[in-house]
Structure formats: structure tokens, C-alpha cells
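What follows is a short report on a single structure.
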Amino acid sequence: MRKKCANTEKTGVLCSRKRRLEMDIRQIIEKMTLREKLAQMVLLVQCYQEDVFSDDPGKREFMREASKKYFDIDDPQDVMNTGGAIFVDGAEKAVEIQKKHLEHDRNGIPMFFMYDVIHGYRTIFPIPLALGCAFDPEPVETMSRISAKEASVSGIHIVYSPMLDLVRDARWGRVMESTGEDPWLNSLLARAFVRGYQGRSFDRPYTVGACIKHFAGYGAPVAGREYNTVELSEYSFMEFYMKAYAAALDEGAVAVMSAFNAVEGVPCSVNGKLLKDYLRGELGFDGFVISDWGTVGEQINHGVASDETEEAELAIKGGLDMEMYSSLFVRKGEQLVAEGRVSENDIDAAVYHILSVKEKMGLFERPFGWADQALEKRFHLCAEHRNEARRIAAKTFVLLKNENGILPLSKEEKVAFIGPYADTGRLFSRWGSKGRTDETATVKQGVSAKTRNAIFCNACDFTEAGSLDSGAAVSAAEQADKIVLCLGENEDMCGEGASRAFLELPKIQADLFETVRSLGKPIILLLFGGRPQEIRRISESVDGILCVWLPGTEGGNAVADVLYGDVLPEGRLSMSFPYTVGQCPVSYNCFNTNRPAKDNDRCTSKYIDIPNEPLYPFGYGLGYSSTEFSDLRQSDAEMNGSIVFTVNVKNTGGHPVTETVQLYIRDIKGSVVRPVRELKGIGKITLLPGESGDVRIRLDEKQLAFWHGDGTYAEPGLFKVSVSKNSLDVGLETFFELKKRN
Ligand code: GLC
């Protein structure tokens, strides 16, 4: 038994932080049996552990069966010694389980409690793809800070967020968890997520640890098919896909989740080049790596292991520290060590990574984290959090079309809200954690709180499972001056396991559109969903389009705020809307090819049946007023090579507007092909009608650098700078020469 400390409490050995630092973690490891070390390397599903700590002999017997049944573990003591649990359910349960665990764990090592808190815990925020559209780190950091506050008082230590997989293929259902297609924006937001979750110190209340995912490259499955393999050149990997993970780790994220997919033919969870050489060697990561759900036991499927023992062997030798859900490390670890296939040093290294994060997060002093039932009641869904959810949701909405200023709506005009999203609380993804649809502000509630001149009619279900009530739809539409069609995919049609080969609206919703369209009244499409959908046809026939994604607990209020002009639309697309699914994957930062597209020239890089350009490009979004850019100026290069670009923005319309100025570069010639555009800076400005103002964006020399096999650095030469409204807008252009450093 470890030395007792002055403040030992009955629930196990709790040491002061200072003593913990002195009592080197290695001393703990030295005292652990091999079996205890292996149990520390397993994260089990709490709901199956329910009675493992019970003193009731009957329940203990149940748990023996449960251990066998769920974890294939013969000895419940292994379950009791587990390194952590997922899906802990609130402060009371967390404290109860931790206490029982500490009573049974000879080494007094607190369990981790981990949870998928992707876009909120009890107060649900917009999906990350929407948060990316804010083109601003502040909403992301605020969302993460509030999520951490609500989750930590429920006993959660680690959240499986941010998801940092760069995405370009709207067929993949999990694009909704990403912040989009741009490495620079994703990196900026990755840091904001980590700052929000982890704060400045784990000693400060209501912080949680960030476990970034899915390492690495999971966002590029071949053909957009879920869990399909990933085929990326090392150059693309390092230039586009790896940057956000690296940024989050540089910001201090404490954990990494290894992805399901293989990279260069080696599954991530057993990929030593990825998890050891790169993650630890090049990035200097010192936290722990946990597998994604059960994927240690999926190496036979991958075809790289012949049995469970080899699966465990490959994972441990590949640098995986913790196994989620499956329990091969516990069941096969002793055999592997006995047979010399794995050294106990490998085991000790994994346990060290896990314990060092527990120590860094203060779990030895505060094993219950910030769990507090009273604070749960005070924080969860409190007015402040709901107000922030409403404010942030509005920032993520993207105005894609606004013919003749049909928006904003007037509270005096009669508007019919028709469609499955007109009156529903289903405004968040399946990762809605502990959010509840009956706590969600619906569109009907949000609009009704602003005006009595609105009617609401769902008219049909989201998909063909339901029926279309054309009569009700026509009746509602006939009473209105304008129609807002509330359409889009629902939470079951996006997210994990929801790749789609067709991206158009479900037929029943398309039929509803045709029914309403026949009345010839102005129509606004209010588009919900977890991905860019194929809306080309409908976009040609409606007068306005506001993309609101899955906006969360306050979604209906935020929708009403923007539709009625109380809040300005300022979102910009974080991911391109494809012209058609046949264009996927599509992204703005592509390479020029040997023969860039030319009209009337067959043998150039293009399709014969669609344009190369997406329907709406990355960075695109409108305001309620037009703007004009002028007078682009650039400062002399500062000592560190930075250059400041200044542009004047004028509101040339009749309504206040928030403009997002985007600075793109193009490296005209490199030792390898370089993207036609790369986002390197953003600046926002809000202007009254007729008002103008300057926006300044700094471009640092290190932002010109790109990955070479021997490092990341810029190459001297000519660069084009475009200051634009979106990634396809020519905007104002200038050039500068990066001089060779002596
Ligand atoms: C899932 C997901 C991962 C999630 C984990 C735990 O399969 O891939 O994103 O964090 O399992 O729920």
C-alpha cells in the first residue's frame, strides 16, 4: 500500500498535489501488478459496470456474469481496477462509482470519466460545422467553456472533442462534427476549443480535458463512405489534414483518440509511425492515446492481425495507451509479456501516459473532479447559457440567397412556416449528449415570441416514413404573404454511420416544395441539416435561402432573431456546397493542374456536364446589405517578415451589415504544386448603411511556410494576395516578393 498522506481520507489514498509531484508516478507504477497496469489501460462502458462495486453478493455475482458477458473478463476485480469509464451519468453517479472504485483499487488511482461532449452537454449549441461558419474563434471558445462548465459539474473529466478531421466530401455523415475544409480556420478553431475546455489551468474550476479526434485523417474516407480507408499523399496529409490536430496539441490538449481508418495501409490504432514517430517524436505529445470505440478488436477485420492476442500486441507496440470499450489489454496482456511479445516497459510507458494526465488534471487530489449536484441544477440550461447558445447559433447561420431583399421579414407581414422543421425540438445532432428536444426552442416558439403574424404547418415528416398533407400546406400558404419552407435532413440522416450517396432533400420534402411553389408566392428556404446538401434545383426557384444547420437548444429563437432582422446574418460557409454530389469531394484550396479548365477546350480539367465550381463556395455568405471593398494597402514587411494588409469596406445598401473580409494567398511557384488559394486571415466589420471602415489583416511570414520532407518552411518567390468576400470572389489583389533570407 502506498504511503498514507496527512490528509488521507476514507475513500482511498488522496495525496496533496505537492506530495503527488514528489511521489513520482513511477513509484506508483512500480507498486502495481501487471494485471493492475493492464486494467488501467482499459476504459470500460460505465453502464455495464453498474453493479461491479456492489456489496450485495447477488449483485456481485451478477457483475461476475456481466464482466464475462460485456467485457469477457473473468475477474470483476479487473473491472473494478479499470482506468476509466465512458457514459458516466451525472454528479451523483460519478461520485458513487469513483468512491467505490477507490475503495477497491489497491493503488488508489482515480478513474477517468469521459463523454462525447461535441457541441454542448445539457445546453446544446450548433454542430461544429456550423460553428466553423462563424469564422471566429470566440463563439467556439465560449461554447467549449460553457460545455466544460456543465459537463464538469456532472463529474466528467475528459470530453471527446474537438473533432479535427478536415472534410471535403459532403457524402460523409460526420462532416457535421468538423469545422470544415480549411486547415488554417480549423487550426484557429482547434485552439479555441482547447482553450475553452481546459482553461488556463486544471486547478481552476469547471475545466475538462480535451481528447482530440480522430487521429488521423478520418475525414477523407474514399468515396465518402463511412469507415472506408483513407488514401492520402504524405504531402496532402501534412499540408491539409494534420494541421488542426497539431494546433490543438500545441494548445495543450491532453489526449488523442486514434481513428478507425488505416493510413498508408496501417490502421491508426496500431500505427507506430503515426502514434510514436510523429505524434510523440515530432509533435512532442506527452498525454495519452485512447482508441476509438472497440477498434483494437477490429484489427482482424483490417487484416493485419490473426487473433485477439495479436490485436492487443500490435496496439501496445504501436503506441496505444488506452483501449476503449473492448478489453483485450486485460485479457491478453499477461500472455504477451510472458511470451516476450510485449515488454513490461511498453506497458509501463502506457500507464505512465495515463497517470501523468490524471496527475496533471488534479484527479489524485480531486478524484470527483468538479462533480456537484447543486451546481448541476444551477448551471445546466441556465439563462446565461441559453442566451449564449442563442447568440452563438445566430452567428453560424449563412444567408445564401436574398433576391430583392425578401429578407429580413417584417413582423407585420403574414408568413407561413411550412415543413418538418417548422415545429420540432429536433434541432441538434445525435451527439446531443444530454440535450432534450422538449427543452429546445422550436422555430414556432421563436417566431411566435416575435410576431402574431405567423402560421405554422409541419405538413410532412422528414422522410418518406411519413405522409405529405398537401391540403394543410396549401391552406397555410394561401393565408400568407410569404412562405418559409423549413426543410432539410434530420439528425438520423447525418453523423456517424450516415454516409449518403444522394444529397438532395428527401422526396417527400421535394414534393412539399413543388406543392407550395405552385402558389406562386415568395418563398424562403430555411435549410437545416448536418452537411452541405444538394439544393441546386430548389435554389433556382426560391427567393431566399438561410442555412441554419442543426442550431441547438436555442435554435428557434436564433432563427427568428435573424429572419426578422434583430440579428444580422454573418455566417460564411466552412464547407463548400457541391453543385451536385458527383462533384464530391470538392474544396476551394485545390491545385491548378496541368490544364486548368477552359471553356470550349475539351482537353482541360473540367466536366462535360457540370461546372468545376461548387454551388456555393467556401467562405460564401451574404448580409442584408451589399458591401464594396476598395483601397487595398500593404505595409512594408516588418522585421519578422509580417505584412499588414488594409482594405476599406463600405456598406452600399440600406440595412446594417456585418462583412467578413477574407485574406487568401497564392504561392505562385513552389518546389511542389501549391493550392490556387489558401485562407490566411479574416477580419470582421459591422457597418450602418452608407458607412465605411478599414479592416486590417496581418500576414506573418511563417504562414507562407509549407511542409517539405525535411521540415516546414517558406520558399522565396512571388505571392499573390487576394482580399475577398469568399474563396471564389476575385476581390482586390496585390503581389509581394518573399526575399531569400541570407
Ligand atoms: C464513436 C466515435 C467517436 C466517439 C466514440 C465514443 O464510435 O467514432 O467519435 O467519441 O465512439 O462514443
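Every read-out reported here was derived from the displayed coordinates using simple, explicitly stated rules and does not represent laboratory data. These figures come from a predicted structure and were not determined experimentally. When we count neighbours, we look across all protein chains shown, and the Cβ atoms used for this are built from the backbone with ideal geometry, even at glycine.
Side notes on the structure shown:
- What separates the Cα centres of the range 607-640 and the range 67-117 is a distance of 52 Å.
- Taking every alpha-carbon pair within the range 194-283, the share separated by more than 18 Å comes to 46 percent.
- Loop-located GluC sites (Glu not before Pro) in the range 687-742 (DSSP state other than H, G, I, E, B) with a sparse environment of at most 15 neighbouring Cβ atoms within 10 Å: Glu691.
- The range 459-601: proportion of alpha-carbon pairs further apart than 23 angstrom, %: 44
- Stokes-Einstein translational diffusion, the range 359-482 - Kirkwood Rh over all Cα pairs, 1.306 mPa s, 10 °C, in µm²/s: 88
- DSSP-defined beta bridges in the range 176-288 - what % are antiparallel, rounded to 5: 40
- The fraction of all Cα pairs in the range 142-301 landing in successive 10 Å bins from 0 to the largest distance is 12, 41, 35, 11, 1, given as whole percents.
- Taking Trp707, Trp549, Trp172, Trp370 and counting other C-beta atoms within 10 Å, the order from fewest to most: Trp707, Trp370, Trp172, Trp549
- Relative contact order for the range 426-559, counting Cα pairs under 8 Å that sit 6 or more residues apart, in percent: 36
- Translational diffusion of the range 559-599, µm² s⁻¹ [Kirkwood Rh, Cα pairs; Stokes-Einstein; 20 °C; 1.002 mPa s]: 156
- Overall form of the range 607-742 per C-alpha gyration tensor (a/c, 1.5; a/b vs b/c): oblate
- Under the criterion of Cα pairs below 8 Å and six or more residues apart, the relative contact order for the chain equals 13 percent.
- The alpha-carbon atoms of the range 302-390, seen along their principal axes, cover 58, 33, 18 angstrom, with the largest extent given first.
- Antiparallel bridge percentage (DSSP; both residues within the range 229-357; nearest 5): 25
- For the range 694-738 versus the range 232-268, the gap between their alpha-carbon centres in whole angstrom: 24
- Across every direction, the projection of the convex hull enclosing the Cα atoms of the chain has a mean area of 34.7 nm².
- Once the Kirkwood radius over Cα pairs is known for the range 53-184, the Stokes-Einstein relation at 25 °C and 0.890 mPa s delivers a diffusion coefficient of 143 µm²/s.
- Beta bridges per DSSP with both ends in the chain, % antiparallel, nearest 5: 55
- Reciprocal mean inverse distance between Cα atoms of the range 231-281 - Kirkwood radius, Å: 11.6
- Sparsely packed trypsin sites (Lys or Arg not before Pro) within the range 561-628, loop by DSSP, other Cβ within 10 Å at most 11: Lys598, Arg602
- Alpha-carbon centroid distance for the pair the range 460-533 / the range 343-382, whole angstrom: 45
- Shape of the range 333-378, Cα gyration tensor, a/c cut at 1.5: prolate
- For the residue pairs Lys99/Lys276; Lys317/Lys680; Lys37/Lys213; Lys276/Lys360; Lys273/Lys740; Lys482/Lys725, the C-alpha atoms sit more than 27 angstrom apart in Lys99/Lys276; Lys317/Lys680; Lys273/Lys740; Lys482/Lys725.
- The range 568-608: chymotrypsin sites (Phe, Trp or Tyr not before Pro) falling in loop per DSSP and having at most 15 other Cβ within 10 Å: Tyr607
- Gyration tensor verdict on the range 353-420 (Cα atoms; rounded if a/c is under 1.5, prolate if a/b is larger than b/c, oblate otherwise): prolate
- Helical runs assigned H by DSSP (4 residues or longer) give the chain a calculated mean residue ellipticity at 222 nm of -8000 deg cm²/dmol, each run adding -39500 (n - 2.57) before division by the residue total.
- The range 344-474, relative contact order in percent, only Cα pairs under 8 angstrom and at least six apart counted: 20
- Within the same chain, lysines fewer than 8 places from Lys68 are excluded, and of the rest, those with a Cα less than 19 Å from its Cα are Lys59, Lys332.
- In straight-distance terms, cross-link reach from Lys702 covers every one of the aspartates and glutamates whose alpha-carbon lies under 15 Å from its own, apart from those fewer than eight places away in the same chain; here that gives Glu239, Glu638, Asp667, Glu678, Glu715, Glu737.
- With 10 Å bins from 0: P(r) over the range 144-232, alpha-carbon pairs, percent: 18, 41, 27, 13, 1
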